[in-house]
Structures are given as C-alpha cells and as structure tokens.
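Structure first, then comments.
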Amino acid sequence: MTQVTKKNAGRPRGLGKANPSHVPGSGNGIGHDPSAPDFSMARTALDAATLPAILREMAENLFSYYRDPESLLALATLNGRTNRDGKMRRNRSEGREAEVKAGISILLCMDLTSLIVGIPTKSGHIHRTCRELARKVGMVDHKGHPHKRFQRAFHRFQDAGYITMHRVAAKGDGGRIIQTSAIKNVSADFLTILLGGSKRDRERLEAARSRHYVHQKPKFELTEAERREVERANLQARMAKEAQDRKAAREASAYRAANPEAPIVLTPQEKAAAHAAARQAYQAHLLNSGEGFASIHTKLKAFPSLEKWEPSFTPPQ
C-alpha cells in the first residue's frame, strides 16, 4: 500500500513524476492534446518555404491524416493489431501528430525531380540528415538531436514503405571509414496517395516532376570548363588509385618472396580475384558431379562471402 507523504499527497496512485504539460484525460504525459495537435512549427516552416504548388498540396493533405487515418492506411495500421469488431486498430493520436510533422519535414527537404531528400547541385545531392529534418519541425532535444518521437515516426515511414534510406560510407585518410549522410528516397506511390491515389494523380505527379526538371536544369548544367575540370579530376582519381594498387601489390609480392613461410596476405584486389576464381572452380566441380539443382544451389549458398573467405578455405566436395 502506498504511503501518503507530502510529496505524493493528493495525486492518483500509479502516476510517476508530475508533468506540468500533461493534458488531463489525454492518456499521455508529453503535453499532447488530441483535440488540438501542435503543428505550429510545421506550419511556420511550410509557410516560409518556397515550394512547387503540387508539394504544397501534398503537405496540406498530409495534415488531414491526423483526423483521417484512413488516408494513409499503411501507416495507420502498421501495428497489425485488430479491435474486437475485427477492424484494424489505428495508431494513437500522439503518434499521428509526430508522423505528420516528420512527413512535412521530408516534403520540405525533398527534390521533386529525383524524390531525394536533399539539395541538388551540379556535382550531386547534398543529402539532408535526420537532425536537419527534425529541426525543421521543432522535434529536437536540448542538445539539438532528433527527439525519440521523431525517430519513431521516421522509422514508421520506412516500415510503411513511404521512404527508403541507404547508408553511405567513404574511405578517408589511412583507410579510416567515414559515415556520410544517408541517401533518403521518397516513394512515388506515397506521394501519389497524398494527391488522391488515382492513375490521374500519378500522371499529375510525373508531369510536375518533368516540369520541375526542365525549370531547374539550367541551374545545374556544367559549363565546358567545369565539365573538363570534372573529367580531369575523375581521371586523376582513377590513376591515383591504380598507382596505390600497384604499389600495394609490389610490396605484398616482395614480402612473400622474403618470407616464404609467412601466411599468405593478399591485397584487396588479389583477394577478390582469388575468391571469384575459387567460387567459379567450385561451381564447375558441382555441375560436373551430377548432383541435383537443389543440392548445388544449397552448397553454393554456403560458399563464404568475400569478407569471410580465406585462401586456405577448402569447400566440401
């Protein structure tokens, strides 16, 4: 039995710390009012942005998802649960509020031509981070990191198939792996749903993308001098990489000649070539063995990947 003290006197049992922003009867302690969702920062960011008319239309329709979960059914029923009447259970209103904000931030930062969340430039896209997206709609914590509500909403967009994200890594000095901003691609089906979901709406979207491309193309066309500079830089980079590969191969060959008893150490290029040759030889052996397709397929799948393969590996016969 809970002992009544001055600290918890007058408070219902089962409640944790008191939240000054708690809305009575809302069922949550984050200051969310189901009857009055807080879209103020999303609205401000949308009003201040210069967007194509069709993107603004999508954003306005996305706001209606809060009151009408049926408009984005894949997102609203993502939990997969059913009510007693057999109908799919919709997600909670505070979840829909966060999803609307996350969706607005995506539309604000999306390039209409490519459907990539980023800024197009002559040399490619500058990909927007989740921190930048969350900051657009005020969903960051006191350190400027995306709030967990934004992260959950963004992951739900991924699970619903509305956006895909691909991690990108680059090799820096000394072979150090550097993580860069992930590539985020928005689904054309999702945007079509926001426009109404019909075949005509898909045609409207494709026409708008074509017009946007024609309008933006002059900004990103390279001049003759810029094109020549890009080609020169690409050639320099390829020659530098080939020189490094030759140097590594020469050093590895010299080391093996001076240390014949040492374990075999292959350069990445040598290892890739040896792995491909070993796998092809194993495949030829299996095909000549007369085994059935299912058995050959199973054994080939069990062959180690390049990362796990070693020159000393001997496949089962």
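Scan segment 72-95 for residues that are crowded, with 17+ Cβ neighbours inside 10 Å, assigned to a loop (DSSP other than H, G, I, E, B) and of a type outside the set (S, T, N, Q) and jot them down. Walk me through it before giving the result.
Applying the first criterion (crowded, with 17+ Cβ neighbours inside 10 Å) to segment 72-95 yields 72, 75-78, 90-91, 93-95.
Filter once more, keeping what is assigned to a loop (DSSP other than H, G, I, E, B): 77-78, 90-91.
Those that are crowded, with 17+ Cβ neighbours inside 10 Å, assigned to a loop (DSSP other than H, G, I, E, B) and of a type outside the set (S, T, N, Q): L78, R90.
Just checking, how many residues over segment 96-140 are outside any helix (DSSP H, G or I) and under 26 Å from S35 (Cβ atoms)?
First, pick out the residues of segment 96-140 that are outside any helix (DSSP H, G or I): 110-129, 137-140.
Keeping just the survivors that are under 26 Å from S35 (Cβ atoms) gives 137-140.
Final tally of qualifying residues: 4.
For P316, are the conditions met, namely being exposed (fewer than 10 other Cβ atoms within 10 Å of the Cβ) and closer than 30 Å to S123 by Cα? Before you say what the answer is, go through the steps one by one.
Working: exposed (fewer than 10 other Cβ atoms within 10 Å of the Cβ): yes; closer than 30 Å to S123 by Cα: no.
It is false that P316 is exposed (fewer than 10 other Cβ atoms within 10 Å of the Cβ) and closer than 30 Å to S123 by Cα.
Contact list please: Cβ distance under 8 Å, first residue in segment 243-267 and under 20 Å from E310 (Cα atoms) and among the aromatic types (F, W, Y), second residue at pLDDT below 75 and not in a helix (DSSP H, G or I), pairs at least six apart or on different chains.
Filtered contacts from segment 243-267: Y255/A262; Y255/V265.
The values are calculated or read from the model by the stated rules, or taken from the named source; none is laboratory data. Keep in mind the model is a prediction, meaning the values are calculated, not measured. We place every Cβ from the backbone using ideal geometry, glycine too, and count neighbours over all the protein chains shown.
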